[in-house]
């Protein structure tokens with residue numbers, strides 16, 4: 001019987017795994033914005049050297065999830081109102097263009113998936129399930145991005161999504177508006193179904209601008225609230 005041959009594990013795979021685990025902790029809210037990250041402690045907990053952790057930190061910094069403060073260390077990035085507004089305005093421009101593209105190329109099967117995501121978000125909103133509503137909202141947007149076929153813009157939007165999701169975990173400033181805003185998905189998807197690029201662009205940009213404006217206003221007013229649990 002031949003001896004089993006195992007493929008060598010490339011050192012890069014350790015940094016990728018560490019990156020994925022730390023990223024998940026940030027997006028889940030276990031590591032909150034402003035929290036300091038200790039490389040040695042994480043390396044010890046994961047049972048690996050600090051080198052893969054350093055590489056993971058570089059990857060997280062490229063994602064905009066952590067920041068290196070001179071002579072202070074590495075921290076989970078906090079977003080200022082101005083930074084949040086920059087993210088939303090970038091989405092307004094990019095996703096408006098993508099909505100135009102998708103309105104010209106979406107198939108009936110694509111539209112059916114879009115409406116399914118709309119329904120999922122609305123059901124979660126009725127239950128006042130904040131996290132599921134956020135996930136369903138982004139699921140719809142990701143479906144639309146993917147149908148556009150524009151890989152570069154999809155990658156850019158995916159990075160912006162990561163930052164917004166991290167932000168929403170700890171700043172529930174959009175709570176009331178979020179449940180109302182899911183209704184704005186339907187005219188957007190209907191415009192795509194009707195292959196009306198101008199109307200699709202309008203509804204997409206209006207939807208994102210409303211959310212961005214309200215978020216920044218409430219952030220600057222310092223309004224926060226506790227995250228409620230889903231109702232039965």
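Please tell me if residue 98 is touching a helix residue (DSSP H, G or I) at 6+ places or on another chain (Cβ under 6 Å), at pLDDT 95 or above and either assigned to a helix (DSSP H, G or I) or surrounded by fewer than 19 Cβ atoms within 10 Å (Cβ to Cβ) (or both). Judged against the criteria, residue 98 is a match. Looking across region 207-232 at every residue that is modelled with pLDDT of 70 or more and over 19 Å from the mean Cα position of the chain (by Cα), the one that is surrounded by the fewest Cβ atoms within 10 Å (Cβ to Cβ) is identified as 221. Identify, from the list 78, 25, 51, the residue that is in a loop (DSSP other than H, G, I, E, B) and either within 16 Å of residue 162 (Cα to Cα) or over 22 Å from the mean Cα position of the chain (by Cα) (or both). On inspection, the qualifying residue turns out to be 78. For region 59-73, a residue qualifies if it is part of a strand (DSSP E or B) and touching a helix residue (DSSP H, G or I) at 6+ places or on another chain (Cβ under 6 Å), and exactly one does: 66. Could you go through region 126-134 and let me know if any residue there is modelled with pLDDT of 90 or more, assigned to a helix (DSSP H, G or I) and surrounded by fewer than 16 Cβ atoms within 10 Å (Cβ to Cβ). No, region 126-134 contains no residue that is modelled with pLDDT of 90 or more, assigned to a helix (DSSP H, G or I) and surrounded by fewer than 16 Cβ atoms within 10 Å (Cβ to Cβ).
The values are calculated or read from the model by the stated rules, or taken from the named source; none is laboratory data. Here the structure is a predicted model, which means the values were calculated and not measured. Because the Cβ atoms are built from the backbone with ideal geometry, glycine has one as well, and the counts that use them run over all protein chains shown.
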